[in-house]
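The values are calculated or read from the model by the stated rules, or taken from the named source; none is laboratory data. The structure presented is a predicted model; accordingly, all values stated were derived computationally and were not measured. Using ideal geometry, Cβ is built from the backbone for each residue, glycine included, and neighbour counts are taken over all protein chains shown. Side chains are part of the model used for accessible areas, which takes the heavy atoms of the whole protein and leaves out ligands, DNA and RNA. Shrake-Rupley method; radii C 1.70, N 1.55, O 1.52, S 1.80 Å.
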Amino acid sequence: MRFSLTSDQAIRHQMASTALLLAVATSQIGFLGYHTSTGFQTMPIGLVIGTLMVTGLLGFLADYRAFIANLPRLLPLLLFAVWAAITCLQAEDASTALRRYAMVFLPGLLIAGLASSDAFPARTFAKVAWVLIGISLASLAFSLLCSIIGIRIRTDNIDIIWALWDDPHAPGVALGSRQIHALLIKFMRPSGFSSNPNGAGLLAALSIAFLILMYILDRRRGKMLLWLAPLSYGLLITISRGALLFIVTFIATYALMRMRAKKLSAGIIILAALLPAGLLAAMQLSILGTPLPRGAPPDVSSAAALYEAFHLTERLEVWRIAYDALSDYWITGAGFGMVQESVYAPLGLATAAHSIPLSILLETGLIGFILMLAVWFSPVISVLRNAAPGALHIGIAAILVGLYAHQSFDSSIFRFHPLHFMFCYLIGLAANPALDFRQTGPSHVS
């Protein structure tokens, strides 16, 4: 009987681990697509959500005892989810808020729960890493193919695309631009399989971070570093400032934590956490200057126009509006996911806040903001407090710090977005008690 029970447990563990991998892979692949002259073509939202929920629920049913037993380790995420739901109920359009909440939190909590109870966490991490790396390399190859044999098309919806052939529905990549007018430099930035170049850049940056961690965990597989060159090229051609900020913050945080430089590590973490407050102070002092109008000609007499590649462009005005609205929403918030309708729509603007810390503060108030910080930085603090954390534990913490710096200038996490589901996976992985950071064995990367 003991052997039979052990075999049954092994099967359930394997099924739950496989379901987790499928859910994470779906959360990344399901948002990929290509551009045509009519817009970005991707999978139907219903199909993505349905697949995420089915795989997540299958994983839960396969090993529900372990899932439930590890839920207390996700307490910050659970508390934030509960508070976010409460804010939805008091939103002006509660049905819209609750619909967005369900799209974000239901699959996100399933992924986090499965990651926290995964019996083979490091092995699953390696597989997730290869999923990311494979997507990023395929995206780069698609961009290069379009640039070599593609046809350049200008449309009303997209400035420029490279389509593989001359047809309105032909697959292609969008081309963003980044300019330094003062030096007469203009870069064209391909989107790959993402909806925009910034998404392609962050995908490459995340892939680099995962690749570095896999090499550190298993140096016997040194040949895997050969993929670092094309991934770095894929990052550089997007010229994504946010992606570069992420990778620099990740590397600096990891190096300092690995050297056990706790004070310097804490300094980087505090600087990342204070980025939104720093932006507020800079805007109040007018240090950041005035926004650059979209499409401003090169001869505009301002540093913003001459050095657009180093300027925050329209984000400045969006942030100013958001900060002005804080006095109305800082206590209980406007409702999770409702920043656009509550803050920008009344002004005739269709935009996000381009900063998740700022968005969460507006949507869920100060309580929600504190709970969000607890979700984000609890794994980081546990590493700093651990006398001998392992490489993967440090790596997860460093990725989370890098993502917070990135998300201070963008809006992806706690949104229906692939980065949110990767974030939930990392939060769950950091809480996994089966991940022994000082041993090989079942959890060893393979």
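Of note:
- Checking every residue in region 64-71 against the condition of being closer than 20 Å to PHE416 by Cβ and among the small types (Gly, Ala, Ser) gives zero matches.
- Evaluated against (1) closer than 24 Å to HIS406 by Cβ; (2) at pLDDT 85 or above; (3) loosely packed, with under 15 Cβ neighbours inside 10 Å; (4) not hydrophobic (A, V, I, L, M, F, W, C), HIS169 falls short on exactly one condition, (1).
- Residue check for SER136: assigned to a helix (DSSP H, G or I), touching a Lys or Arg at 6+ places or on another chain (Cβ under 6 Å) and modelled with pLDDT of 95 or more: no
- Count of region 47-80 residues which are part of a helix (DSSP H, G or I), in contact (Cβ under 8 Å) with a residue 24 or more places away in the chain and not aromatic (Phe, Trp, Tyr): 19
- As a summary of the residue check, VAL383 satisfies the conditions (1) open to solvent by less than 10 Å² (accessible area, probe 1.4 Å); (2) more than 25 Å from PHE60 (Cα to Cα); (3) not in a helix (DSSP H, G or I) except for the one numbered (3).
- Of all the listed residues (GLY333, GLY337, GLY242), the sole one being touching a Lys or Arg at 6+ places or on another chain (Cβ under 6 Å), open to solvent by less than 30 Å² (accessible area, probe 1.4 Å) and either of a type in the set (A, V, I, L, M, F, W, C) or at pLDDT 85 or above (or both) is GLY337.
- Residue in region 372-388 that is modelled with pLDDT of 90 or more and basic (Lys, Arg) present: no
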